[in-house]
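A short write-up of the structure that comes next.
The values are calculated or read from the model by the stated rules, or taken from the named source; none is laboratory data. What you are looking at is a predicted structure, and each value in this text was computed from that prediction instead of being measured. Cβ placement follows ideal geometry from the backbone for every residue including glycine, while neighbour counts extend to all protein chains displayed. Ligands, DNA and RNA are excluded from the accessible area calculation, which covers all protein heavy atoms including side chains. Shrake-Rupley method; radii C 1.70, N 1.55, O 1.52, S 1.80 Å.
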Amino acid sequence: MNIQEILFRQKDFFKTQKTKNLKFRKMYLEKLRDLIIENQSLLNEAIYKDFGKSEFDTFTTEISFILNDIRYYLNHLKALAKPKKVRTNLASQIGKSKIYPEPLGCVLVIGAWNYPYQLSLSPMIAALAAGNCCIVKPSEIAENTMKIISKLINENFPPEYMYVFEGGIDETTELLQLRFDKIFFTGSTKVGKIVYQAAAQNLTPVTLELGGKSPAIVTKDANLDIAAKRIVWGKFLNAGQTCVAPDYILVEESVQEQFLETLRKYIREFKYEPDSKNYTRIINQKNFQRLIKLIDKNKIYFGGNFDQEQLYIEPTVLTRVNWDNDVMQEEIFGPILPVISFSGFNHTLNSLLELEKPLSAYLFTNNSEEKEAFIQKLSFGGGCINDVVMHLGNENLPFGGIGNSGTGNYHGKFGFETFSHQKPVLEKTTWGEPNVKYPPYSEKKLNWIKRFL
Ligand code: NAD
């Protein structure tokens with residue numbers, strides 16, 4: 001069966017209205033949950049083969065995430081799908097107004113490789129919870145995970161409801177020519193533009209979860225020990241291959257030395273060694289080569305070692321970095337952390353306003369004026385004060401970018417809404433019909449209308 005046929009079957013299946021039934025949705029979400037739990041060791045094995053990701057990291061950043069999503073929708077489905085009563089204004093009386101969340105139809109989810117389970121399955125779960133059919137195209141770059149996702153889903157679920165399509169650029173290009181009711185894409189800004197253009201041909205709505213350079217600012221009023229510990233964890237998690245990882249650090253000059261020493265202390269303490277299970281590998285030779293070129297030997301404060309065969313790059317901190325250095329021209333997406341010092345907080349915020357809006361931004365300080373200025377002045381997809389990355393794990397917060405880092409969001413109820421149309425319906429009584437809006441118009445009628453509306 002080719003992919004076009006599968007989409008046609010999904011469209012026919014959607015028309016049967018079966019996916020609108022909440023019991024049906026729950027049954028499949030439960031089945032998916034059980035399948036993931038039963039096959040955890042296969043999932044662990046595949047991701048370890050792809051880029052050496054440990055069982056610990058796979059559980060905390062992938063499996064638990066997906067299971068949590070399923071649990072959230074199982075617990076909240078009834079409330080999320082329920083029509084919402086809203087007030088009816090005077091002009092629409094006598095009547096009642098409701099918003100009916102309705103599924104969009106057949107959606108396409110295109111995933112990225114760096115969190116291969118989470119980024120393919122989490123949007124799919126939200127799409128299914130909202131009552132859609134779904135085709136998922138995981139990233140071919142993480143080949144083993146793509147294959148296991150496809151095997152598990154395609155062997156256990158009806159293709160007319162959910163289906164995993166394997167492939168790379170050619171296959172995605174083929175998919176993008178088909179008419180979906182929604183496209184949810186996670187990946188680079190460059191490919192995001194290709195997806196957006198293709199979607200425009202069919203006026204298909206899109207959610208684009210993209211990347212960018214996410215700053216972390218550390219001021220003299222920060223708890224430096226906590227700042228360094230949390231930044232080291234968030235930056236070197238997945239070997240820096242995390243869309244919301246702090247890309248670079250802006251640290252206030254007066255505390256730079258102390259902060260750098262604390263960074264070094266934690267990198268050592270966390271033992272990101274070549275043969276340790278605490279540290280993920282670089283996904284492939286292409287990315288490895290791109291990354292080692294960004295390590296300027298003259299600027300290494302810590303690290304800088306690598307092993308090409310093992311695709312290992314040591315956590316590397318660079319200092320005396322300038323905005324025009326290569327490492328500051330692109331999203332790093334690897335375990336290299338440039339540190340730039342600054343002397344005026346407000347001036348630094350202003351300089352960030354000149355850059356593309358990042359997916360995330362982080363501020364470490366205990367100064368309330370700095371916190372306020374950070375929130376009010378800077379525009380970014382989402383972020384944390386006194387932490388990194390963790391905002392993504394709170395399903396009560398929407399997750400998404402802005403401008404070059406993306407459009408739209410998901411997680412929790414926001415994911416449900418992303419895959420739903422909010423259909424407004426006004427239901428009128430057939431009695432109590434004021435004649436004032438109908439022709440023939442008169443001065444008197446207009447005066448009435450002016451008084452009441
Ligand atoms: P990518 O854009 O290269 O690939 C993403 C997907 O697009 C893959 O499934 C791939 O097969 C497909 N693709 C690649 N080139 C294509 C083309 N020319 N035409 C059609 N489809 C194409 O991204 P990646 O390397 O997998 O991921 C890294 C990027 O994703 C980083 O920029 C990172 O910040 C971003 N990212 C964002 C989030 C987020 O949630 N915002 C999460 C993870 C990664």
Taking just the C-alpha trace of region 215-400, give me its Rg and Dmax in Å.
-> 15.7, 49
Quick one: Karplus J couplings for region 59-74, per residue in order, coefficients 6.51, -1.76, 1.60, θ = phi - 60°, nearest Hz, x for Gly and Pro?
-> 5, 5, 10, 10, 5, 5, 4, 5, 5, 5, 4, 4, 4, 4, 6, 4
Please list, in chain and number order, the residues 5+ apart from residue 109 or on another chain whose amide H is under 5 Å from its amide H, with Hs placed from the backbone.
-> 135, 136, 137, 184
Helix-only CD estimate at 222 nm, as mean residue ellipticity for the chain, using -39500 (n - 2.57) per DSSP H run (n ≥ 4) | -12500 deg cm²/dmol
Sorted by average packing, counted as other Cβ atoms within 10 angstrom per residue and highest first, what order do 173-180, 239-246, 408-415 take?
-> 239-246, 408-415, 173-180
In angstroms, what radius of gyration and Dmax does the chain have, counting Cα atoms only?
-> 25.2, 87
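Where the eigenvalues come from the Cα gyration tensor of region 102-180, what are the semi-axes √(5λ) of the equivalent ellipsoid, largest first, in whole Å? Each step should come with its number before you reach the end.
Numbers: eigenvalues 68, 41, 27 Å².
Largest first, region 102-180 gives 18, 14, 12 Å.
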Per-residue HN-Hα couplings for region 126-131, Karplus 6.51 cos²θ - 1.76 cosθ + 1.60 at θ = phi - 60°, whole Hz, x for Gly and Pro?
-> 5, 5, 5, 4, 7, x
Using amide H atoms built 1.01 Å from N in the peptide plane, name the residues 5+ places from residue 421, or on other chains, whose amide H lies under 5 Å from its own.
-> 102, 104
Grab the Cα-Cα distance for residue 140 and residue 96, subtract it from 0.36 nm times how many residues apart they are, and report the gain in nm with one decimal.
-> 10.9 nm
So for the chain, taking the charge dipole from beta-carbon charges (+1 Lys/Arg, -1 Asp/Glu), which of 351, 83, 292 sits furthest toward the positive end?
-> 83
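Using 0.36 nm per residue of separation minus the Cα-Cα distance, give me the extension gain between residue 169 and residue 366 in nm, one decimal.
Numbers: separation 197, 0.36 × 197 = 70.92 nm, distance 4.64 nm.
Extending this stretch completely gives an extra 66.3 nm.
Of all the accessible heavy-atom surface of region 215-400, with the other protein chains kept in place and a 1.4 Å probe, what percent is carbon and sulfur?
Values: 3740 of 8290 Å².
Of the solvent-accessible surface of region 215-400, carbon and sulfur hold 45 percent.
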What is the helix-to-structure angle for 224-236, meaning the angle in degrees between its Cα long axis and the longest Cα principal axis of the chain, kept from 0 to 90 and rounded to the nearest 10?
-> 80
Rounded to the nearest 20 debye, dipole of the chain from Cβ charges on Lys, Arg, Asp, Glu = 2580
Rounded to whole Å², per residue accessible area for region 215-400 with a 1.4 Å probe reads 45
Would you mind pulling out the separation of the Cα centroids of region 178-210 and region 153-167, in Å?
-> 21
Size of the dipole of region 87-242 about the Cα centre, Lys and Arg at +1 and Asp and Glu at -1 on the beta carbon, nothing else charged, in debye to 20?
-> 740
Sorted by chain and number, the residues with a modelled amide H under 5 Å from that of residue 247, at a separation of 5 or more or across chains, are 214, 216
Take every Cα pair under 8 Å in region 215-400 that's 6+ residues apart, average their separations, divide by the length, and report that relative contact order as a whole percent.
-> 28
Of 256, 56, 406, which is farthest on the positive side of the dipole of the chain, counting Cα position, with +1 on Lys and Arg Cβ, -1 on Asp and Glu Cβ, and the Cα centre as origin?
-> 406
Relative to the longest principal axis of the C-alpha atoms of the chain, give the angle of the C-alpha long axis of helix 368-377, reported between 0 and 90° and rounded to the nearest 10°.
-> 60
By what distance, in whole Å, do the Cα atoms of region 7-94 stretch along each of the three principal axes, largest value first?
-> 63, 31, 21
Scattering profile of region 149-251 at q = 0.11, 0.16, 0.24 Å⁻¹ [log10 I(q)/I(0), Debye over alpha-carbon scatterers] | -0.56, -0.85, -1.23
Share of pairwise Cα separations in region 303-453, more than 22 Å, in percent | 64
Each residue of region 419-425 in order: what ³J(HN,Hα) in whole Hz does its phi give by Karplus 6.51 cos²θ - 1.76 cosθ + 1.60, θ = phi - 60°, with x for Gly and Pro?
-> 9, 10, 9, 8, 8, x, 10
Charge dipole (the chain, unit charges on Cβ, about Cα centre) - positive-most of 424, 240, 217 | 424
Expressed in nm², what is the orientationally averaged projection area of the convex hull enclosing the Cα positions of region 296-381?
-> 6.9
Dipole in debye (nearest 20) - region 215-400, about Cα centre, beta carbon charges: Lys, Arg +1; Asp, Glu -1 = 380
Loop-resident sites, region 210-303, for trypsin sites (Lys or Arg not before Pro), counting at most 16 other Cβ within 10 Å (DSSP) | 271, 277, 293
Write out the chymotrypsin sites (Phe, Trp or Tyr not before Pro) in region 18-116 meeting two conditions: DSSP loop, and at most 10 other Cβ atoms within 10 Å of their Cβ.
-> none
